[in-house]
Every structure is written in C-alpha cells, then in structure tokens.
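The values are calculated or read from the model by the stated rules, or taken from the named source; none is laboratory data. In this text the structure is predicted, and so the values were computed from the model without any measurement. Don't worry about glycine lacking a Cβ; one is built from the backbone with ideal geometry, like all the others, and counts go over all protein chains shown.
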Amino acid sequence: KKVLHIVGARPNFMKVAPIHRAIRERGLLAQTLVHTGQHYDVKMSDVFFTDLGMPAPDVHLGIGSGSHTEQTARVMLELEKVFTQEKPDLVSVVGDVNSTLAGTLVAVKMGIKLAHVEAGLRSGDLTMPEEINRLLVDRISDLLLTPSADADANLLREGIAPERIRMVGNVMIDSLLSARDQALRLSTLKDMGFTPRGYAVCTLHRASNVDDEGTLRGLLSALGHVASRLPVVFPVHPRTRKRIADLGLGPTLDRTPGLRLVDPLGYLEFLALTSQARLVFTDSGGLQEETTVLGIPCLTVRENTERPITVDVGTNLVVGTHPAHIQREADRILDGHEKKGRVPDRWDGRTGERIAQLYEETLGAVAPPRRA
Ligand code: UD1
C-alpha cells in the first residue's frame, strides 16, 4: 500500500519530514513525496530538505508563483497525472496552503482516500486565503488529524463525524524537538554578534499585513520601537522583500538603529535564533506554536489566530496591528512582565509515529508475525 505526500510551501516541509521518516522506519508502507514547487527559492525550499534530513522529492512539479487561481489550478492539472501514474492508496496533505487545497481536490475527485494533517484550525477570518483552504480541505477529507482539542471541537461544531477525527498532536513539534540540539550547536548567534536573550526575531509575510501599505508601515514603526530597545533580526520573506522595495522603504529600514534585515534563513539557523530570543514578533502561524514549546514570548501581529491554544496555554499574545498597542505589549515583555506558558498535550515529538500508525491501520497494513 502506498502513501503519497504533498509539499509545496515552506511551512509544509517541517510537517511532512517527521511523517515521512516514521513511515520509512516502520517499513510497512510504500511512499512517494511530491513537491509542487509553490515555493522554489533555495532559501524557501531546498535548505529545508537538507536541514530536516528529508530525501529529495520523488516528483517535482515546478509550479512556481502566480495568482491563487493559477497556482491552485496548475498544481491540480499536474497532480492528476502524478496520481494516475503513482496510484496512491492514500494522499496525505498538511497545513493550509494552496498546494494543500489542490492536492485535496484532485484526490477526492479521483476517489483516493485523503488525510489532512493539522485539521480543524480556524481563525474565523474568511478574508484569509488560508482559512478558505482549511475549511474546504477539512469538509472533504476522510481522515482529519488535529493538533489539539480545540481543533476537534471546531470540526464537531461543523458537523464532521467524530470517527473521521483523531487528535494526534502537533507534528511540526517533532521536527523542532529533534533539531533543537543541533541548532544550538551552530555559531549563528556568535556570527551575528548576539547573546542569548539579548535580541528579538521578527518575521512578516501575511498578505493582510504586507500587501496593505498602511498596515505594513505601522508594523515596521512598531518594530523600529522594539529595535530601539534591543537588536532585532528580521529574515525577510520574498513577498515582504518585494513590498518593501515597491514602497521604497528599504533605505529607511537600513537606517533604523538596531534593526537588521537578512535573507530568509534555513530551518536550523532560524531555530538557533528563535530558541534563544528575548522576544518573537511575527504574523506566522507555525512560529506561534514553536515559541510556545520553546517558552519564548511571542507577539502575534494579527487580529486573530487559528491557533488559540498558544494563547490559552502558551506564551503567545495576539496584539493586532496598531503600532501603539504593539509597542505597549512589547515594552511589558522587555520590562520583565512576560507571560509564562506550558506545552500543550501531545506536542511531544511523537506525532509522526502516531500518524504513520494510523495510516497503516487505515490501509490495513500490518506487521508480519514475528519469528520465534
Ligand atoms: C504561502 C502560503 C502561506 C504561508 C506562506 C509561507 C498560500 C495561500 N499561502 O504564502 O499560507 O504562510 O506561503 O511562506 O498558499 N516567492 C519567491 N520565492 C519563492 C516563493 C515565493 O520569490 O520561493 C515570491 C513570489 O513573488 C510570490 C510571493 O513570494 O508571488 C508569494 O508567494 P506565494 O507562494 O504565492 O505565497 P506566500 O506569500 O509565500
């Protein structure tokens, strides 16, 4: 029996790597890894395969960027050919990017069993492309694998049958826990002239934040305030890099004391930075979860989150996008009034194994009886 995994964009790689590894180690299922090419820069894709110890994709579709419709449709057309040739018994998709939706639609239309990893997350914000992807994928998946109980509750509320839902935990945390020691041995901090807890990390790429000029300017001014108190490293996503250039903001940012813009970083280097930061300033989804496990204060500069458990039990604060408010919350943390949290259940590094086991059960793959 064969599982086919789909990856496309940066946040997919750290979710698929642990599942792929667990299936390989257990040895009961065949698997094919398909990369759609939604992200294609070395720094947005290749480096993650190396850093996560993941084999190169078996199939690369080379789709690239485009409008949401173009991107999704092109992935669908190519995937139909791949599924016809590979004949998977189960297609496994992760997260909420356009490649996730494309893979889901093709699998379902071809009558192939579909599992969605990271099911049930909801921001409630239908203007977010990822929220549309999440809703549609969950509605038609056969197996919904959730990271936390709040996700189960969302799915049940939407009328999804309980037998389709399994709370397996957060698979991305498998990658984090297995890479942490290696990341801490890197010289990243030293090379950048930072000391542990002596700097902040910023990432911004959400369309709602960077495509809107007023919002982006506000966020960058709040960031300038943080940078006036401690150094900030800001690895810039290609989408954000482009907006900064279009708006002519580069020279101002270069002149902002304490602020250092760098290219996107690999998984290990970035983990070295986040795990020793004083503060993380972000609009990422995954980073809200990673900081919760690392116990690092996180300011999420969005109006909502699909990961409320990071606020309820973790170190995350959702602070919106108004600069004055963000600055106030950043100051509270830097003045020593930071929120403490704990690690949610089943964010324990064993989710990949639980998923592999579930796929085996679903496909009726059983271990051969042991010889005496
Ligand atoms: C996508 C996901 C988003 C995820 C993000 C992580 C969707 C709807 N969005 O957004 O959920 O958080 O990835 O990075 O799927 N570009 C490059 N090199 C690349 C990839 C993109 O230069 O390797 C540039 C292109 O100009 C492109 C822009 O970045 O137009 C945006 O890329 P795209 O994949 O459309 O969406 P993201 O903003 O990355």
Reported set for segment 261-309 where residues are closer than 13 Å to LEU189 by Cβ and among the basic types (Lys, Arg) is ARG278
Kindly check whether there is at least one residue in segment 220-229 that is buried (at least 19 other Cβ atoms within 10 Å of the Cβ) and either in contact with a Leu (Cβ under 6 Å, 6 or more places away or on another chain) or free of Cβ contacts under 8 Å to residues at least 12 places away in the same chain (or both). yes
Of the conditions (1) among the hydroxyl-bearing types (Ser, Thr, Tyr); (2) free of Cβ contacts under 8 Å to residues at least 40 places away in the same chain; (3) closer than 25 Å to ALA179 by Cβ, the single one that THR256 does not satisfy is (3)
- Message: Condition first: over 26 Å from ALA9 (Cα atoms) and modelled with pLDDT of 95 or more. Can you find one or more residues in segment 198-209 that meet it?
- Response: yes
Listed by range, helices (runs of 4 or more DSSP H) wholly within segment 141-217 having at least 1 residues that are away from the ligand (no atom under 16 Å from the Cβ) are 149-157, 171-184, 188-192
Considering segment 76-101, residues that are in contact with a strand residue (DSSP E or B) (Cβ under 9 Å, 6 or more places away or on another chain) and within 20 Å of MET14 (Cβ to Cβ), and then whichever is surrounded by the fewest Cβ atoms within 10 Å (Cβ to Cβ), we arrive at LEU101
Those helices (runs of 4 or more DSSP H) completely within segment 1-114 that have 1 or more residues that are under 17 Å from GLY286 (Cα atoms) are 10-26, 46-51, 98-109
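One line per residue, one yes/no per condition, for (1) within 21 Å of the chain's Cα centre (by Cα); (2) acidic (Asp, Glu):
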position: ASN170; (1), (2): yes, no
position: ALA179; (1), (2): yes, no
position: ARG197; (1), (2): no, no
position: ASP211; (1), (2): yes, yes
All conditions in (1) under 20 Å from SER178 (Cβ atoms); (2) surrounded by fewer than 24 Cβ atoms within 10 Å (Cβ to Cβ) are true of ASN12 except (2)
By residue number, the members of segment 223-243 that are touching a strand residue (DSSP E or B) at 6+ places or on another chain (Cβ under 8 Å) and assigned to a helix (DSSP H, G or I) are LEU223, GLY224, VAL226, ALA227
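Quick grid of which residues meet (1) in contact with a strand residue (DSSP E or B) (Cβ under 9 Å, 6 or more places away or on another chain); (2) surrounded by 18 or more Cβ atoms within 10 Å (Cβ to Cβ); (3) without any contact (Cβ under 8 Å) to a residue 12 or more places away in the chain; (4) of a type in the set (S, T, N, Q):
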| site | (1), (2), (3), (4) |
| --- | --- |
| THR127 | no, no, no, yes |
| ILE140 | yes, no, no, no |
| ASP152 | yes, yes, no, no |
| LEU184 | no, no, no, no |
| TYR199 | yes, yes, no, no |
| ASP211 | no, no, no, no |
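Condition (residue is within 15 Å of the ligand (Cβ to nearest atom), more than 19 Å from the chain's Cα centre (by Cα) and farther than 23 Å from ILE173 by Cβ) applied to segment 91-105: is it met by at least one residue? Don't jump to the end; show me each part of the working.
Filtering segment 91-105 for residues within 15 Å of the ligand (Cβ to nearest atom) gives 93-105.
Filter once more, keeping what is more than 19 Å from the chain's Cα centre (by Cα): 105.
Okay, now just the ones that are also farther than 23 Å from ILE173 by Cβ, so 105.
Yes, segment 91-105 contains a residue that is within 15 Å of the ligand (Cβ to nearest atom), more than 19 Å from the chain's Cα centre (by Cα) and farther than 23 Å from ILE173 by Cβ.
Among the residues of segment 35-68, count how many are hydrophobic (A, V, I, L, M, F, W, C) and either away from the ligand (no atom under 16 Å from the Cβ) or modelled with pLDDT under 95 (or both). Spell out the reasoning first.
Quick first cut of segment 35-68, residues hydrophobic (A, V, I, L, M, F, W, C) only: 42, 44, 47-49, 52, 54, 56, 59, 61, 63.
Pick out the ones that are also either away from the ligand (no atom under 16 Å from the Cβ) or modelled with pLDDT under 95 (or both) and you get 54, 56, 59.
The number of residues fulfilling the criteria is 3.
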